[in-house]
Every structure is written in C-alpha cells, then in structure tokens.
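**Q** This is the structure, below, for whatever I ask next.
Where a number appears in this text, it was derived from the coordinates with a stated rule and is not lab data. Treat the numbers as computed from the prediction; the structure is a model and nothing was measured. No Cβ is skipped: glycine too gets one built from the backbone with ideal geometry, and neighbour counts run over all protein chains shown.
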C-alpha cells in the first residue's frame, strides 16, 4: 500500500527565512511525487512534481524539492519565505495508475 | 477559461437527507476524482472515474455514490448512510494515465445540522 507521512503538522517561519517541509513516502515501485499548496477554503495548486531524471526539482513560486530514494523522502524547500507563502502544503505519491495518496499536510505560518 | 467548477460552495443538510455535489470540467480530461478533506487527515479518495460510464471505489466510498454519464461531469451524492458527512469535498481531474498531476476545483463545504 502507498502512503505519505508529513511529520510536521505546523511550522512557523519568519519572513525572509528559509523553509523546509519534510515528506516521507511508502511505495512499492518507482514513485511519482508531488507537492501541492492550499490556501484556506480553496482547492489545491500544484507546486512541483517528480517523475524521473534529475532528483532536484524546481517548481513555481521559488520552491524546489529533492527526491532521495535511499531515504524515501521528497522534502520541499524555499530559500526565502514571503508572507504570501502562508498556506497548507501537501505531499502526495502515486504511480502508473490514476490514484494519488496524500499526506496529512503541514500548515505554514509566516511571521513578520 | 478552462477549469473545474464545483457547486455549491457551501451546503447545509439535515440528518437523513441525501445531497448531491456537482463537479464539471471543461479541460477534456479523461479521469475525475472526489476527495474528502478533514482537518489533520489530508485528502482521502472517495471515488474515481477513468472513463465515461465507469468508476471505482476509493478508500472511503461507504455512504457515497457517483455517476459518470458525461466526460465533463462527475457528481457525488452523499447519502444518509454516511455517518459523518460534514467535511470539505474536493473534485479533481487529470488528462489520463502517466500524468499524475491533478487539477482541483475550489471545493464544496458540506455541513450536516
């Protein structure tokens, strides 16, 4: 069975500081990995995805993520956080089918 | 603009009533999904459909039903058999296999009174 663990429920970061969100997955084959962002009361927007190739993936809004197969991880990073980055972030895993499994999410608060 | 439209955005229901949530997409995507979101639990898959007139149960299908009579439409009915229906419901679609990327609607919040 596939699953995703996001160990951090809530992270608070100062504006301009760096941000790293952790994601660990369980999947029986080569995974497809995703990070989505959700603003309150809204749907989810794709930040970035990994299918194959370069393990460092660049996304929108200045985010990047690194796939580490040996650690079953796909952590999301941003060098300098903006107040508009305050949101909930979801990691997801899937494969060569139509189903994605999502983590429980990490809420990011940005303080001035 | 292409996208996914969910309606209504907010819905209130009395216990024992069925309610249907609408999801329409004009992206010409083959596959459509319904997820349920509860605080601290992420998104859980209710039903998905890969093609018209075909759909499969997800992880939490009990108390829900769907239909896929048209490519662009995938309505979800929350029946009275669903024991805890108050939640945020998200509809999504994807072009097909091997893409993985989901495109989401803005959600419908159902509250049972």
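**Q** Just one of the numbered conditions (1) surrounded by fewer than 17 Cβ atoms within 10 Å (Cβ to Cβ); (2) at the interface with chain B (Cβ under 9 Å from one of its Cβ atoms) is not true of residue A:82; which one?
**A** Exception for residue A:82: condition (2).
**Q** Restricting attention to the stretch B:29-56, and to residues there that are within 7 Å of another protein chain (Cβ to nearest Cβ) and assigned to a loop (DSSP other than H, G, I, E, B), which single residue is surrounded by the most Cβ atoms within 10 Å (Cβ to Cβ)?
**A** Step by step, filter the stretch B:29-56, then rank; the result is B:41.
**Q** I've got another one for you. What's the total number of residues in the stretch A:92-104 that are over 12 Å from residue B:44 (Cα atoms) and at the interface with chain B (Cβ under 9 Å from one of its Cβ atoms)?
**A** Residues in the stretch A:92-104 being over 12 Å from residue B:44 (Cα atoms) and at the interface with chain B (Cβ under 9 Å from one of its Cβ atoms): 5 in total.
**Q** Restricting attention to the stretch A:12-28, does a residue exist that is surrounded by 11 or more Cβ atoms within 10 Å (Cβ to Cβ), in contact with a helix residue (DSSP H, G or I) (Cβ under 6 Å, 6 or more places away or on another chain) and either within 12 Å of chain B (Cβ to nearest Cβ) or assigned to a loop (DSSP other than H, G, I, E, B) (or both)?
**A** yes
**Q** Could you identify the single residue in A:33, A:76, A:47 that is assigned to a strand (DSSP E or B) and facing another protein chain (nearest Cβ under 10 Å)?
**A** A:33
**Q** Okay, moving on. If you take the residues in the stretch A:65-79 that are in contact with a strand residue (DSSP E or B) (Cβ under 9 Å, 6 or more places away or on another chain) and free of Cβ contacts under 8 Å to residues at least 24 places away in the same chain, which one is surrounded by the fewest Cβ atoms within 10 Å (Cβ to Cβ)?
**A** Out of the qualifying residues, it is A:68.
**Q** Consider residue B:91 carefully, then state whether it is within 13 Å of the chain's Cα centre (by Cα) and more than 10 Å from every other protein chain (Cβ to nearest Cβ).
**A** no
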